[in-house]
1. Of B:LEU457, B:ASN375, B:THR417, which is farthest along the charge dipole of the protein assembly as shown in the positive direction, counting Lys and Arg as +1 and Asp and Glu as -1 at C-beta?
2. I need to check one value: relative contact order of chain B, counting alpha carbon pairs closer than 8 Å and at least 6 residues apart, in percent.
3. By average Cβ neighbour count within 10 Å, what is the ranking of A:188-194, B:39-45 from highest down?
4. Along the range A:98-114, what does the Karplus equation 6.51 cos²θ - 1.76 cosθ + 1.60 (θ = phi - 60°) give for ³J(HN,Hα), rounded to whole Hz, x for Gly and Pro?
5. Can you give the FRET efficiency for B:ASN161 and B:SER91, using 1/(1 + (r/R0)^6), R0 = 41 Å, r = Cβ-Cβ distance, to the nearest 0.05?
6. Evaluate peptide A:72-84: per residue, the Cβ atoms of other protein chains within 10 Å of its Cβ; return the mean as an integer.
7. Give the long-range amide H neighbours of B:GLY69: residues separated by 5 or more places, or on another chain, with amide H under 5 Å away, using H modelled in the peptide plane at 1.01 Å from N.
8. How high is the FRET efficiency between B:ALA261 and B:GLU194 when r is their beta carbon distance and R₀ equals 45 Å, given to the nearest 0.05?
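Derivation of every value follows stated rules applied to the coordinates shown; laboratory data play no part. The shown structure was predicted, so the numbers you read here are calculated from the model rather than taken from an experiment. Please note: Cβ atoms are built from the backbone with ideal geometry, for glycine as well, and neighbour counts cover all protein chains shown.
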Amino acid sequence: MTAVFAGSPLQADDFSAGNSGEKFIYAQLKFKGSWDPYPEAHKLISYYFTKTTSMEMPSERKILTLSDKELFYFPFLVFTGRGGYPEFTEDQIRNLRRYLRGGGIILLDTSGDDEFGKSAERTFRRAFPEKEFKKIPQYHAVFRSFYLVDYVSGRTLNRPYLTGLEIESKIAVIRTDNDIIGIWPQDKTGNPTYAYIPGKPGQQKEGIKLTLNIMIYSLSGTYKSDDVHQPFIKEKLRR
Amino acid sequence: MNFIFTPPNLYIFLLIPAAAAAMILRPRERIFSLRLLIYFFLFLIILSPRLELSKPNKKKPAVGIFIDGSLSMGISERTDNALRTARQLYSALKSEADLAFYKFSDRIEKIVYENLNGFAADGESTDLSKVIRDTRYHGKIIISDGRYNEGINPLNVNEINSVPIYVTGPGGGNRSVDLGIGDLKIPGFGFRGEKIDIDFKISAGGSPKENETMVYLKEKGKLIDSRRIEISGKKEIPVNLSFTPDKVGLKNYNLEVKALAEEINEANNIRNFQVNINRKKIRILYVAGRPSWEYSLLRRLLKSDWQIDLVSFLILRNPANRTIVPENELSLIHFPAREMFTKKIDDFDLLIYENFSYKRFFPQAYLSHIKKFVNEGGAFLMMGGKESFAGGNYSGTPLEDILPVDIAESSGWKTETFRAKVKKDSRHPVLDIAGDPEISEALWRDMPPLTGYDENLKAKDGATVLLEGPGGGRLFLHYQNPGVGAAQP
């Protein structure tokens, strides 16, 4: 038997119509607070993503709130900020819960900011009181979804591991405290805008690798944990 | 017939006349007599004697005479000797017992004594345990060479001690050399990709000069397992062979013991059997030309089903893409197209192409393997995207032959937001997403909108359109069964 499904949700070129189409859209969550510490970071992320992977990422990002109906058309969301923020409404928490249960993935970058981190924890606790963030093991697919990541990097090295919130048998919220978005902004000469702390060799490269890995993981899931990949990965890790 | 005197029968029988006799005596003697009677009555109550009268039963016992009619009895004069024995038994026992004659091999059939001359030893195997289980008779006589090769060891049958059994051999002839396959244990079904064990025993009669022989297991003449067996000094040799089927379906196999040079009966050297090979899991090969949300969600759905074994390949990087790190820091592997689409394709039940253009990875000739795979029962699904159909250069390829659409040479991709509709009167399990046609149709109506389609795709004659797009003429979900019939009304 052969079958074709000849239509596609994949072909919308105009993502502003509310559909991510065949391109991977960098969507960022806006909220009442300091939600956008790096307004230009997405441009370089999209450049690297498009140049190095088989996907395209437009240089424009999509800004969404938890009240937007379009939220559900953008399955990948960056949630970062500085300082605490007012609590989300019940409707917004309900949308957040639906979003994650429906297959959405959120990259939560606290940048090591305690106030923002606590506010974010409160938000997710309201949405999923029965769940808690757990350490993501080093063998998880997110560390090998595209690159083999040596260590959890970012502009800072506050925490050497990622934590995640598991929803519907997948890591739906990936949290880093290392300001991973902060490694991307560059000045006109191509140098990082913000200093890396402590400035370990390879810190930028590992941060770039981890950012792209998280995005590819949102699209490929546990693909790199399939048996067919293991001998090759083990051989590369051995080297 | 038994007639039994028991109290109170006996007591009344004795008491009435005794009491009557006592009444005619004089009072003094009467009292004495009555006292004596009471003592005697008490004596009877305590001892309760019985008097039993019976007549002997004149019915004759039923005796079954079972003559071995298997092929091994055809050797030398075994059958003649067996029939001679049967006739002698008839002469000796007909007045003392009700005799019934049977021929047995792999089954038991009643025969008429007068037709013994027509007895032929043509049974394919010998199942003595069936004879032992038959408990209709007061006794059984079995005439056999004892070479059972089917059923369990007759000595282990539960009914072995239920009636007397007398066994006699056919006699005659010398101990002929004969190997036979018996006690064959095979599963009724197996699973593709999982080992199946075949256990059996080789019986070795006579005194063969050779010390060993070979055992072969074949499927349609193709050897799948073999074993060298030592037979010297052994009467029964347990053997195990095994194989791992790679295709589903009802399969025919045969076991063969290589005949010895002096073997006089080779008919029992071969046993044929069938095993129904099923698939344990549905094996799916899913190839996606690039990461997408469709891949992400469909993969998760397929992975969550324990009845599905999913192998997927996702093209994460194209040759034109740059790399910012050394090769050994990439987790990417080479796409094993040749292995998947030539050698391993028959391992799968369903092949999915999502937005995948073959040209960058393998030659068009590999698509013929997919066509053959589908024509031999496999399933294929092509999911739309920029690099499917015309965009994937499938026009004029073997894949177009099996797809239910005609693929134009160039893609007519149109960006338009719409909702696909179930085609009127369409019925297919794929459309039944709710278990109820009306609810399913409502759910299809409420599905999220699609945003594009290839307007150059047309359904072939014989294809069934299940979902339609804008204007009713656009095709969205359709299927055909290439191997069933080229044209369907």
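1. Ranked along the dipole, the leading option is B:ASN375.
2. It rounds to 8 percent for chain B.
3. On the way: A:188-194: 10.4, B:39-45: 12.0.
Going from most to least packed, we get B:39-45, A:188-194.
4. Ordered by residue, 3J(HN,Hα) equals 4, 4, 6, 5, x, x, x, 10, 10, 9, 9, 10, 7, 6, x, 7, 4 Hz.
5. The calculated FRET efficiency here is 0.90.
6. Numbers: counts 1, 2, 1, 3, 2, 0, 0, 0, 0, 0, 0, 0, 0.
For peptide A:72-84, the averaged partner shielding equals 1.
7. B:PHE104, B:SER105
8. Numbers: r = 39 Å, r/R0 = 0.86.
Here the calculated transfer efficiency is 0.70.
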